[in-house]
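One structure is given below, encoded as structure tokens.
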Amino acid sequence: MAEVHETLDNLMQENRTFPPSPAFVTEANATAAIYDEAEADRLGFWAKQARGLDWDTDFTEVLDWSNAPFAKWFVGGKLNVAYNCVDRHVLSGHGDQIAIRFEGEPGDQINITYRELMDQVCKAANAITELGVSAGDRVAIYMPMIPEAVVAMLACARVGAVHSVVFAGFSAEALRSRIEDAQAKLVITADGQNRRGSVMSLKPAVDEAVAASPSVNNVLVVRRCGNDIAWGEKDVWWHEFVANQSPEHTPIAFDSEHPLFILYTSGTTGKPKGILHTTGGYLTQVSYTHRVVFDLKPDTDVFWCTADIGWVTGHSYIVYGPLANRVTQVIYEGTPDTPGKDRWWDIIQRHGVTILYTAPTAIRTFMKWGDEFPQAYDLSSLRLLGSVGEPINPEAWMWYRSVIGGNNCPIVDTWWQTETGGMMISPLPGVTATKPGSAMRALPGIGMAVVDDAGTPLGNGHGGFLVLTEPWPAMLRGIWGDNQRFIDTYWSKWPQFYFAGDGAKLDNDGALWLLGRVDDVMNVSGHRISTTEVESALVSHPSVAEAAVVGAADETTGQAIVAFVILRGGMEGDDGTTLVTELRNHVATEIGAIAKPKKIMIVPELPKTRSGKILRRLLQDVAEHRSVGDSTTLADPAVMNLISAGLESSSADD
Ligand code: WT7
């Protein structure tokens, strides 16, 4: 973690603090008192948050931790998630409130009220029931950012089916392996999506995946782009089949611990982990955090979370948290530079967005594009800004605050994970004086510590590993089909703590600074990709004998993927350029374009210890153009010279 500490030392010189304005404080949903309240009675505090939902049957126990690390929250309670996100708002007289202000990339727009959303969810629930889906069955969702994606997720929740949303940028093979792991019965998809001004077909990847997936009985297809697609026996059109269903559907109340969804995320091995979330605790925490961290005012705010529903941020802060809180929100289909680099600012001005939640990688991209794009618009509707996915550097934070927020919006830097389900560490916008680049402190109800290798909590001014010290309502309930891996990954380093995999430091004031992953997981544009996963993809190419992958610091994406590859005998051929292109495309086919290495270096050897472990740290030095660190533990110390020499003749990037 040497590098990590250097970064921190820079951050430590950051002494500016930004308290919320008195006007914001007066109106804020959350006051400092909730820290004390949660401290005094943690479980009572969570029970109170849970009672903000509509329970069909009240719970009898807040937490059952007797079978740790498998938690049960709100034991005995029964509720329906879709009812809580939609029906209850209609029943309380808000049926005409707009739930979704959708904008397609080509400029098409549609407003969907809560009443209309309820009708659509009910029809979709009836449709998937007719297709043989019942409670507990798994449904894969591979869709663009269109309202039907939200409807599909809510329809699953309504009938108790477990959705597994697969990011539409993933390849056919990635989709297939996730369908197989979950044994999905149904796939919901679209013909295509609009990206960068053209239609990107989605259905062919589904066709390829489904052809190799015996568990799938049907494919429900939304017609989004009207592009030509192949049509098979299992395929059903959404606009015919769903539209013709009855808009009446009685929600069934499910047990608080009924599975709600699986979401795959990268771990330190090649096989993605199916993170399992359940019903009552998850909905409690995402609605609570959405209300206090974003200070949501359902009657006046226009919320915009720019994430994709393929990631957990889209699940928790587009679908479940916001809708449970009766949000009015923007959903945008496309890329930020289509038709121009001002698209987001245009959207904010036209829709009057008040709360913006996005990722540091996007903020840094906009910084690079130039202030003139946001400055051409009136962004004064904004009153709060959020950041998520990776550490935000103080420069980007300050730019976000001044250029986007007009020095007038609190910034909430929210730390959490696919596994945590909801936010864990974040300022409270009406309470916390924020420091640019710090996620500040654990939210009320959350137990967090920074510990050393022995698991001993460290005081202010020290860096170590981030752990969560108490179970929390939205915590993962396991890894789909692999409970041993759940225990090994998160609960074996220190059995009493959840190990998050992040390094962190408490500054002298007790503010928390995240330092990035401490395991072999990269963070590229806020997306987790495991080094092993990319290595396996590379080695599956016939030319590759061995591969080592590292994440190298990158100004825009946080980390960039750099691969070191040893070719099989006789494969060298040309100068390597063609092969490098081929290998990059091969990774895209195996995993998806987001996992394409930015740089591939063909090398004669890899640095290994005597026990055969690749010393990625040394490769990272090379990838980040530093002088190579301590290589005394190498089996063959001459290897690093070989690599450096080899690089001069064979490195290629594009
Ligand atoms: C990892 C989780 C949380 C939804 C998006 C990513 C990093 C996340 C922050 C933040 C510093 C952050 C961590 C974490 N991360 N938010 N505010 N500051 N790092 O979800 O794909 O499960 O990734 O993202 O390294 O472990 P994910």
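The values are calculated or read from the model by the stated rules, or taken from the named source; none is laboratory data. In this text the structure is predicted, and so the values were computed from the model without any measurement. Don't worry about glycine lacking a Cβ; one is built from the backbone with ideal geometry, like all the others, and counts go over all protein chains shown. When the accessible area is computed, the model is the full protein with side chains, heavy atoms only, and any ligands, DNA or RNA have been set aside. Shrake-Rupley method; radii C 1.70, N 1.55, O 1.52, S 1.80 Å.
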Residue check for Thr306: open to solvent by 20 Å² or more (accessible area, probe 1.4 Å) and within 16 Å of the ligand (Cβ to nearest atom): yes
Looking only at region 122-139, and only at residues there that are touching a residue at least 60 places away in the same chain (Cβ under 8 Å) and open to solvent by less than 10 Å² (accessible area, probe 1.4 Å), the one that is farthest from Pro204 (Cα to Cα): Cys122
Flag for Thr335 being more than 20 Å from the chain's Cα centre (by Cα), surrounded by fewer than 23 Cβ atoms within 10 Å (Cβ to Cβ) and of a type in the set (Val, Ile, Thr): no
Residue among Ser215, Ser198, Ser246 that alone is hydroxyl-bearing (Ser, Thr, Tyr), free of Cβ contacts under 8 Å to residues at least 24 places away in the same chain, in the same structural domain as Leu154 (by TED's automatic domain parsing) and farther than 30 Å from Trp65 by Cα: Ser198
Any hit, region 350-357, residues being part of a helix (DSSP H, G or I) and farther than 26 Å from Gln559 by Cα: yes
Hey, Arg326 in the same structural domain as Leu186 (by TED's automatic domain parsing) and at positive phi or not: yes
Considering residues of region 347-375 that are charged (D, E, K, R) and open to solvent by 40 Å² or more (accessible area, probe 1.4 Å) only, the residue nearest to Gly107 (Cα to Cα): Arg350
Candidate set from region 376-389 (those that are open to solvent by 20 Å² or more (accessible area, probe 1.4 Å) and not hydrophobic (A, V, I, L, M, F, W, C)); member that is farthest from the ligand (Cβ to nearest atom): Asp378
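Based on what the data block shows, is Val312 in contact with an Asp or Glu (Cβ under 9 Å, 6 or more places away or on another chain), among the aliphatic types (A, V, I, L, M) and within 16 Å of the ligand (Cβ to nearest atom)?
So Val312 passes the test.
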Filtered residues of region 399-429 (kept if assigned to a loop (DSSP other than H, G, I, E, B), under 27 Å from Met367 (Cα atoms) and open to solvent by less than 20 Å² (accessible area, probe 1.4 Å)): Gly405, Cys409, Gln417, Met423, Ser426, Pro427, Leu428, Pro429
Residue in region 566-586 that is open to solvent by less than 20 Å² (accessible area, probe 1.4 Å), within 18 Å of the chain's Cα centre (by Cα) and closer than 26 Å to Glu173 by Cβ present: no
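Residues are listed down the side, and each one gets a yes or a no for (1) more than 16 Å from the ligand (Cβ to nearest atom); (2) open to solvent by less than 30 Å² (accessible area, probe 1.4 Å); (3) outside any loop (DSSP other than H, G, I, E, B):
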site	(1), (2), (3)
Pro444	yes, yes, no
Val450	no, yes, yes
Gly455	yes, yes, no
Gly464	no, yes, yes
Gln484	yes, no, yes
Ala500	no, yes, yes
Leu515	no, yes, yes
Glu535	yes, yes, yes
Candidate set from region 54-86 (those that are open to solvent by 10 Å² or more (accessible area, probe 1.4 Å) and in contact with a Ser or Thr (Cβ under 7 Å, 6 or more places away or on another chain)); member that is nearest to Ala324 (Cα to Cα): Lys78
Filter result for Val242 (among the aliphatic types (A, V, I, L, M), within 16 Å of the ligand (Cβ to nearest atom) and on the phi < 0 side of the Ramachandran plot): no
